[in-house]
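The values are calculated or read from the model by the stated rules, or taken from the named source; none is laboratory data. These figures come from a predicted structure and were not determined experimentally. Here the Cβ positions follow ideal geometry from the backbone for every residue, glycine too, while neighbour counts run over all protein chains shown.
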Amino acid sequence: MSAPDRASPLLRRVLMAAGYHLEDRPLGLRAIRRADRRAIFVVASAGSLEELASEFPEECVRRTLVCAEEPGEAARAFAAEHGLEVLVPETLSSALGEMLLLGPPVESIEPAAPGPVSTPPLAFPNQERTIRPRLLREDAERIAGVDGFRYTLRLVPYYVFSYRVRTPAPHGGAGPVTDHLAAVNAISGRVEFWENREPEFVAEVAEPHQRLEPSLSEASAQRAAEEETRHRHTVSVDHSEQHGGALIIERRKVPPGPDDLHFGPPVLVHCPYWYVESAEGRVILDAVTGTKSTDRDIDFGT
């Protein structure tokens with residue numbers, strides 16, 4: 001199937017049957033499918049890719065240019081950088097099935113405002129920052145599943161950061177701005193993300209316990225949190241490029257930009273864990289959720 005100046009009647013029919021809305025534009029035919037935020041632009045005549053890229057609405061996640069002839073290496077490099085898939089007559093037929101297949105629906109999200117994201121609110125602003133354990137010793141004995149000879153409740157320090165991030169959109173535009181919590185174990189440096197947590201804070205823990213102190217600095221904790229956070233909010237973008245007669249699909253990782261991630265000040269929070277010593281080794285229980293780990297999974301210190 002070729003890509004003539006105004007797109008063949010057959011191509012128009014199959015795009016319409018696949019749910020695309022067609023619109024003739026000065027530079028060619030634009031086909032948009034809102035259900036999965038996909039857009040295809042059939043180029044009518046030679047033009048710069050910078051000009052053609054503006055034909056795609058910002059909300060479109062997958063954007064495909066169908067060119068009548070090979071645009072050249074410089075144009076393909078620009079397309080790869082801006083999340084544009086480029087097809088020519090030799091590669092159009094093989095890609096057509098995927099273009100017509102309806103992808104999963106994409107939630108409609110308003111684009112975020114430009115500029116740096118603002119500082120998020122302080123995490124856990126209340127004064128008492130020790131989380132109340134919900135598991136008593138008898139609960140720990142039942143859940144541990146080992147014959148423990150020593151049960152120790154330890155309050156483990158965490159640096160908790162509230163952060164605000166603008167996640168990159170797969171097509172290269174601005175994605176949504178959201179708030180999250182990153183918690184760094186102040187002894188091991190392990191980073192966790194506390195989603196949907198509403199801990200109950202107490203001034204004192206009635207159960208006999210040990211309160212551990214941080215061995216990690218706030219600066220080191222923030223560096224660890226930022227590294228894991230950027231990895232967590234990195235998106236993958238697939239680009240299709242033609243090399244000779246082969247269609248190569250390259251996956252590119254796009255992390256949040258320098259102005260797209262902002263951390264609030266850290267808050268020191270102590271979380272309760274049961275340490276169960278047994279002949280088989282040590283088992284660690286989250287005294288709030290009951291989640292079980294071993295030394296091979298996580299280390300909170302001795």
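See the values below:
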read-out	value
Counted residues, the stretch 189-237 - those being farther than 18 Å from His262 by Cα, hydroxyl-bearing (Ser, Thr, Tyr) and in a loop (DSSP other than H, G, I, E, B)	2
Sole exception among (1) surrounded by 12 or more Cβ atoms within 10 Å (Cβ to Cβ); (2) out of contact with any helix residue (DSSP H, G or I) (no Cβ under 8 Å at 6 or more places or on another chain); (3) at pLDDT 60 or above for Leu261, by number	(2)
Residue in the stretch 42-49 that is in contact with a Phe, Trp or Tyr (Cβ under 8 Å, 6 or more places away or on another chain), part of a strand (DSSP E or B) and β-branched (Val, Ile, Thr) present	no
Helices (runs of 4 or more DSSP H) wholly inside the stretch 65-172 that include at least 2 residues being at pLDDT below 75	89-100
Residue match in the stretch 16-31 (condition: surrounded by 21 or more Cβ atoms within 10 Å (Cβ to Cβ), of a type in the set (Gly, Ala, Ser) and either over 25 Å from the mean Cα position of the chain (by Cα) or under 16 Å from Gly97 (Cα atoms) (or both))	yes
Residue in the stretch 173-188 that is surrounded by the fewest Cβ atoms within 10 Å (Cβ to Cβ), counting only those that are assigned to a loop (DSSP other than H, G, I, E, B) and at pLDDT 85 or above	Ser188
Members of the stretch 256-289 found to be over 14 Å from Ile131 (Cα atoms) and out of contact with any strand residue (DSSP E or B) (no Cβ under 7 Å at 6 or more places or on another chain), listed by number	Gly257, Pro258, Asp259, Pro265, Ala279, Glu280
